[in-house]
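The structure appears below as C-alpha cells.
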Amino acid sequence: MDNKLAIFIPNLMNWNGDTQIIGGLERYMIALAELMTEMGYDLSFHQNAHHDFSNYSLDWPIYGYQANTLDLQKTIARIEKETPGRVLYSSIVQQTFYRPQSICISHGVWWEVPGSSPLQAQKYYESHVARALEQAGLIISCDYNFLNVTRAIYPHLADQKVRVIPNFADSKYYSPRKPNNTDHVRILYPRRLSPERGFGILKEVIPPLLASFPQVEFEFAIDTNKPEYLDLFYQWRENMTGKERILYCHPDYQSMPDVYARADIVVIPSIYSEGTSFSCLEAMAMGKAVIATDIGGLTNLIINNYNGLLIHPSIESLYQALLFLIENPAVCTRLGKYASTVSQAFSRQAWEARWRQCIQKIYPLS
Amino acid sequence: MKKKVALLTTNFFNPKGERIITGGAERYQVDFCRLLRDMDFDVEVWQMGDNWTKEFDGIKIHGLPVNKTEYQTFPELNMGFYENVMSFDYTLYFILSLAYPLVREKSISISHGVYWDWPGFDATTGKLAIKQEWLRRMELSLAGPQKLVSVDTNTINYFNATLPSFYNKWEYIPNYVDTDLFLPLEEDLRNDKIRILFPRRMVPVRGINETMRAAEILTKKYPSIEFHFCGRGHDDTIEMLMSQWASKQERCYYYWKPFEMMPEIYQMADIVLIPSRSTEGTSLAALESMACGKPVIAGLAGGLSDLIIHGYNGYLVKPSVENLVSSIEELINDPKKRKLMGERGREIATSFNKKTWHERWANVISEVFR
C-alpha cells in the first residue's frame, strides 16, 4: 500500500503560512509526524489559511486552504475533496466527517464552557463525538477524562473506539535542576491568554498577593499568536501596582526548560477544555510545585496534595492554594519531588510505543 | 439547641427493613453520619420502607412507604421526605437523583460516581426520549441543592460537559481510607507464592468474568500464583456458582470476609485487581489496597484515574482478558516493580486519609448548614 498520508490540522502555521504557531496541539503533531516519518510514511499537512499557500520550511509540506472563520466546514469539505488516500485528523474539534479507516485525535473535552446550556453542549457531542465514534477507525484520546465522559454519554460505543494515550514530558529537555537559591518566589503561568486557560482567575489573585508578599513575583510565558490578547495583557500589566514584579516573555519551544527552571510554583488554572496538558507535565518533570484545576485531563496528572494541588477553578481556591504554597516552601519541595517522579510515567518512549501500535493497526504499510 | 440534619437515601436497609449487604456507599453513610454528629448536629435518615423506624449505629432510620421509580428518579420518595422533615434545619441527598423534584433551601447532594456509563443503563432507560427525560430530571436535581459534592472528578467533568450551568456548585471530595487501619505489613512473612486478589462484588461491571478467564490462563502457566476472589454476589445463586467454579480450578479461592478482616486480606495479597468496566467512583477497595502498599491493576472507569497513575502505582487498562493477563504477568515477573508500585500506592493513599476527608467535608458543611 501507498505510504502517503495526509494530516488535517487547524493551523500548524499561521493563516498567512509564514510563521509557526506555538501551542500544544502543534507540538503534539510535530512529535507524531517525526514518529510517523521514521516509520516510513510520506506525510503532508493540510490547514486553514487566508489564501491558498504551500510551505516547505518544515520537514513536511504544509498546504493552506483559503478559509472563512465563519464557515470552516466549507474549507474542511474542500480539503476532504482535494486530498485522496489516507488521512489522520489532528483534532476532533475540526471535523464532523471522518473517513472509515482513519484516526482522529481528541486533545480533551473542549465544549464544557461554564454557564453554557445543555443544548449547546449536546450540539457539540452529537456533531463531533457521536460522529467520530460512528465513522472513524479509532479515536486517540490524550486523557482518561474524554473516554469517561464519552462512555457516560455513549455507553455502547466509547470502549470500542476510544484508546487513551496520555501526553508526555520529554526527559531529554525537562528534568529537575538545582534549586534557585534566591529570596524570590516566582509563580509562572506558561499558557495562552485565551479565556479557557484561566488568565481571568489568575489576574484577580495577583494584586493581593503582590501586596502581602514582597518576595513574590509572577512570570507570564505567553505566545504571540494572537496580538489582540497580547494588547489586553500589556494594558492590564501597565495599570498594575507592582508591575515590575509582573514579568513576561515569549519563549520558543527550546527555551521553555529555562523558563520553568526559574520558577518555584507553576499555575495551570484552566477553566475548561483541558487534556493532559504539556505545560502541566513539563512543570512536573522540572520538579516544580504545580497548582492545577480539577478540569479534564489535569485530574489524570495531579493527585491533590501528593504531586501538586488540584483545585476547583475559582478565584478563592486559587488564592488559597497560592497562599498555602508561598507560606510553605517545604510543601513546594515535597510536591515538586513527587511531581518529577510521577512525570517519568509519562515518557516520550511510552507515548511513541503506544502510538506505533495504533498507527500500524489503522494504516498498515505493505 | 442542636441543629437537625435529615438525610435521604434509597436503601440502607432493604424496604422490608432487613439489613442489606454492606457496600462502599453504606460505609460512607455510616462514617458521614458520625461526622455530622461530631460536628454537633442531630441526624436522622429516611429511605424506602414499610413505615418502620429502626436504629443503626445510634442513628434513627425511617422507612417511607413509597417504591415508585420513574426515569431512574424517585419523585414520590423525594416528596414524602420533603413533607416529613419540615422540622429539620438542613437536608442531605445521598444520591444526586434523589433531589428531584423538590429540595429544601439549605441542602447538599452527593455523587458516588457515574452509574449510567454501562450499556445496561440504556436497557433500563430504553428509548432516546426516556434518556432525555432522565437528563432533564437530573438537571432539576442539580439545580436545587446549594452544593454538589462528588467523590471523583469524572462526575463533575461529565456534568460540566452535559449540564454546564452548575459549574460553580461542584466540590470534589474524594473517598478516604483509614491509613492507621489499612497498613503495609512491616515484615514480609509471606512465602514465595504470589497472591492476586479481586476484592469486589462478583458482578459483570466489576470485571468478574474477565478476571475468571485470566485466572484460568495464569494459574495454568504459573504454578506459583494463587487467585483470591473476596466479596459477595448479588444473590445466593451467584455465590454458589462462584464456589463451584473455584473448587474446580487449581489455586483459585472464593470467600468473603467482614470489614474488620479486610486489612489482613489486602496485606496477604501481592497484586490487587479493580478491573471495573464502568460505574466506579474513587473506589474504597482501590484506596485500601494502596494504603496496604499494593500495586493495583484497575479499569479505565470513573474515578479510578483519580487514584491510579498508569505505570506509577499500578496500571490502568481496558479490562479485557488479554490486557489483564499481560499486565498481571508484568507484575508477576517483576518483584521489584511490585514493591516500588506498592510503596508509591501507600504514599498516595496518605493524601486520601480519613482526617483530610473530615476536614474537607467540615468546610462544606459549615459553608451550607448555617
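The values are calculated or read from the model by the stated rules, or taken from the named source; none is laboratory data. This structure is a prediction, so every number in the text was calculated from the model and none was measured. Here the Cβ positions follow ideal geometry from the backbone for every residue, glycine too, while neighbour counts run over all protein chains shown. Areas reflect the complete protein model, heavy atoms only, side chains present, ligands, DNA and RNA absent. Shrake-Rupley method; radii C 1.70, N 1.55, O 1.52, S 1.80 Å.
How crowded by other chains is A:307-317, given as the mean number of beta carbons from other chains within 10 Å of each beta carbon?
Values: counts 5, 0, 0, 4, 1, 6, 2, 2, 0, 0, 1.
Neighbouring Cβ atoms belonging to other protein chains average 2 per residue here.
In the stretch B:29-69, which chymotrypsin sites (Phe, Trp or Tyr not before Pro) fall in coil by DSSP and have 16 or fewer other Cβ atoms within 10 Å?
Values: sites: B:Phe32, B:Phe41, B:Trp46, B:Trp52, B:Phe56; in loops: B:Trp52.
For chymotrypsin sites (Phe, Trp or Tyr not before Pro) across the stretch B:29-69 that sit outside H, G, I, E and B with at most 16 neighbouring Cβ atoms in 10 Å, the list reads B:Trp52.
Is the stretch A:166-264 best put as rounded, prolate or oblate by its Cα gyration tensor, with a ≥ b ≥ c the root eigenvalues, rounded for a/c under 1.5, and otherwise prolate when a/b is larger than b/c, oblate when not? Please report the intermediate quantities before stating the final value.
On the way: a/c = 2.02, a/b = 1.18, b/c = 1.71.
The shape class here is oblate.
Using Cα springs under 10 Å in a Gaussian network model of chain A, which residue among A:Glu26, A:Glu134, A:Glu38 shows the largest mean-square fluctuation?
Result: A:Glu38 has the largest fluctuation of those listed.
Other chains' Cβ within 10 Å of A:118-127 residues: what's the mean?
On the way: counts 10, 0, 1, 7, 5, 0, 1, 2, 0, 0.
Whole-number average of other-chain Cβ neighbours for A:118-127 is 3.
I need the phi-derived Karplus couplings for the stretch A:56-61: 6.51 cos²θ - 1.76 cosθ + 1.60, θ = phi - 60°, integer Hz, Gly and Pro marked x.
10, 7, 9, 6, 9, x
Let me check I've understood the local charge: for A:Val331, count other residues with C-beta under 12 angstrom from its C-beta, Lys and Arg +1, Asp and Glu -1. What total comes out?
Neighbour charge sum, excluding A:Val331 itself: 0.
By how many degrees, 0 to 90 and rounded to 10, does the Cα axis of helix A:329-343 deviate from the longest principal axis of chain A?
20 degrees
Taking only C-alpha pairs under 8 Å that are 6+ residues apart, what is the relative contact order of chain A in percent? Display every interim value, and only then the final one.
On the way: 692 pairs, mean separation 57.7, N = 366.
Value for chain A: 16 percent.
Can you give the helix-only mean residue ellipticity at 222 nm for chain A, where every DSSP H stretch with n ≥ 4 adds -39500 (n - 2.57) and the sum goes over all residues, rounded to the nearest 500 deg cm²/dmol? Numbers along the way, then the final one.
Working: 13 runs with 135 residues, N = 366.
About -11000 deg cm²/dmol.
What does the average come to when, for each residue of peptide B:307-314, you count the partner chain Cβ atoms lying within 10 Å of its Cβ?
Numbers: counts 1, 3, 11, 7, 7, 9, 3, 0.
So the per-residue partner count for this stretch is 5.
Using the Cα centre as the reference, give the magnitude of the dipole from point charges on the C-beta atoms of the protein assembly as shown (Lys, Arg: +1; Asp, Glu: -1; all else neutral), rounded to the nearest 20 debye. Mind dumping the intermediate values first?
Details: 77 positive and 84 negative charges, 138 e Å.
It comes to approximately 660 debye.
If you average over every viewing direction, what projected area does the convex hull of the Cα atoms of the protein assembly as shown give, in nm²? Walk me through the intermediate numbers first.
Values: hull surface 133.3 nm².
Mean projected area of the Cα convex hull: 33.3 nm².
For the stretch B:212-259 and the stretch A:136-163, what is the separation of their Cα centres, given in Å?
Each part's Cα centre sits 31 Å from the other's.
What FRET efficiency comes out for the pair A:Asn16/A:Leu365, r = Cβ-Cβ distance, R0 = 35 Å, nearest 0.05?
Result of the calculation: an efficiency of 0.50.
Amide H to amide H, which residues 5 or more places from B:Ser111 or on other chains are under 5 Å from it, using H placed in the peptide plane?
B:Val149, B:Ser150, B:Val151
Amide H of A:Asp223 versus every other amide H placed in the peptide plane: which residues, excluding those fewer than 5 positions away on the same chain, fall under 5 Å?
Residues meeting the amide H criterion: A:Leu193.
With a point put 7 Å past each Cα toward its Cβ, work out how far A:Asp183 is from A:Thr37 in nm, to one decimal.
Once both label points are built, they end up 4.9 nm from each other.
Quick one: helix A:72-82 against the long Cα principal axis of chain A, what's the angle to the nearest 10°, folded into 0 to 90?
Rounded to the nearest ten degrees, it is 40.
Given R₀ = 41 Å, what would the calculated FRET efficiency be for A:Thr96 paired with B:Leu140, taking r from the Cβ atoms and rounding to 0.05? Show your work: numbers first, answer last.
Working: r = 31 Å, r/R0 = 0.76.
Efficiency for this residue pair is about 0.85.
Dipole of the protein assembly as shown (Lys/Arg Cβ +1, Asp/Glu Cβ -1, origin at the Cα centre): which of A:Val149, A:Tyr338, B:Asn11 lies farthest to the positive side?
B:Asn11
What FRET efficiency comes out for the pair A:Ser57/A:Arg356, r = Cβ-Cβ distance, R0 = 41 Å, nearest 0.05? Let's see the in-between values first.
Values: r = 27 Å, r/R0 = 0.66.
My answer for the efficiency is 0.90.
Please give the charge dipole size of the stretch B:194-350, origin at the Cα centre, charges +1 on K and R Cβ atoms and -1 on D and E Cβ atoms. Round to the nearest 20 debye.
Values: 20 positive and 19 negative charges, 50 e Å.
Its charge dipole is roughly 240 debye.
If I model a spin label as a point 7 Å beyond the Cα along the Cα-Cβ vector, how far apart are those points for A:Lys226 and B:Ile217 in nm?
The modelled label-to-label distance comes out at 4.8 nm.
Report the trypsin sites (Lys or Arg not before Pro) located in the stretch B:115-158 that are in a DSSP loop and have at most 10 other Cβ atoms inside 10 Å of their Cβ, or state none.
Details: sites: B:Lys127, B:Lys131, B:Arg136, B:Arg137, B:Lys147; in loops: B:Lys127.
The qualifying sites are B:Lys127.
Have a look at A:Phe324, A:Ser255, A:Trp236 and report the one farthest towards the positive end of the charge dipole of the stretch A:185-346, computed about the Cα centre with Cβ charges (Lys/Arg +1, Asp/Glu -1).
Of the options given, the answer is A:Phe324.
Going Cα to Cα from B:Lys147, which aspartates and glutamates come in below 18 Å? Please leave out same-chain ones fewer than 8 positions away.
Reachable aspartates and glutamates: A:Asp294, A:Glu316, B:Asp89, B:Glu105, B:Glu139, B:Glu171, B:Glu359, B:Glu367.
Hey, any idea what Rg/Rh is for chain B, computing Rh the Kirkwood way over Cα pairs? Present the calculation step by step, with values, prior to reporting the outcome.
Numbers: Rg = 21.2 Å, Rh = 21.6 Å.
In chain B, Rg relative to Rh is 0.98.
Taking the 0 to 90 degree range and rounding to the nearest ten, how far is the long axis of helix A:227-238 tilted relative to the main principal axis of chain A, both from C-alpha atoms?
Here the helix axis deviates by roughly 0 degrees.
Based on the mean of other Cβ atoms within 10 Å per residue, sort peptides A:224-230, B:57-63, A:7-13 so the most packed one is first. Please list the in-between numbers first.
Values: A:224-230: 13.1, B:57-63: 16.3, A:7-13: 22.0.
Ranking the peptides A:224-230, B:57-63, A:7-13 by packing returns A:7-13, B:57-63, A:224-230.
How long is the gain from B:Tyr253 to B:Asp42 if the chain were fully straight, where each residue apart is worth 0.36 nm and the alpha carbon distance is subtracted? Before the final figure, lay out each step's value.
Details: separation 211, 0.36 × 211 = 75.96 nm, distance 4.40 nm.
This chain segment gains 71.6 nm when fully extended.
How large is the charge dipole for the stretch A:1-51, taken about the Cα centre, if only the Cβ atoms of Lys, Arg (+1) and Asp, Glu (-1) carry charge, to the nearest 20 debye? Please list the in-between numbers first.
On the way: 2 positive and 6 negative charges, 27 e Å.
In total the dipole reaches around 140 debye.
Equivalent-ellipsoid semi-axes (√(5λ), Cα gyration tensor) for the stretch B:194-350, whole Å, largest first?
Numbers: eigenvalues 93, 60, 45 Å².
Working from the Cα gyration tensor, I get semi-axes of 22, 17, 15 Å.
Rank B:Thr282, B:Thr69, B:Thr153 by mean-square fluctuation in a GNM of chain B with C-alpha springs under 10 angstrom and give only the top-ranked residue.
Result: B:Thr69 has the largest fluctuation of those listed.
What's the local net charge at A:Asn14, with K and R +1, D and E -1, over the other residues with C-beta under 13 Å away?
Details: positive: A:Lys226; negative: A:Asp18, A:Glu26, A:Asp223.
Residues near A:Asn14 contribute -2 overall.
Using the 2.2 N^0.38 Å rule of thumb for compact globular proteins, work out how chain A stacks up: its C-alpha Rg over that value, please. Kindly include the intermediate steps, with their values, before the conclusion.
Details: Rg = 20.8 Å, N = 366, 2.2 N^0.38 = 20.7 Å.
Against the empirical 2.2 N^0.38 Å value, I get 1.00 for chain A.
Tell me, which longest segment in chain B has none of the GluC sites (Glu not before Pro) that fall in DSSP loops with at most 13 further Cβ atoms within 10 Å?
It runs B:251-370.
Using a cut-off of 30 Å between alpha-carbon atoms, which lysines can reach B:Lys127, once sequence neighbours fewer than 8 places away in the same chain are excluded?
A:Lys123, A:Lys161, B:Lys68, B:Lys318
I'd like to check one number: the per residue accessible area of the protein assembly as shown, probe 1.4 Å, reported in Å² as a whole number. Could you put the intermediate results ahead of the total?
Working: 29680 Å² over 736 residues.
Result: 40 Å² per residue.
Running a GNM on chain B with Cα contacts under 10 Å, which residue among B:Met202, B:Met39, B:Met268 ends up with the highest mean-square fluctuation?
Of the options given, B:Met39 has the highest mean-square fluctuation.
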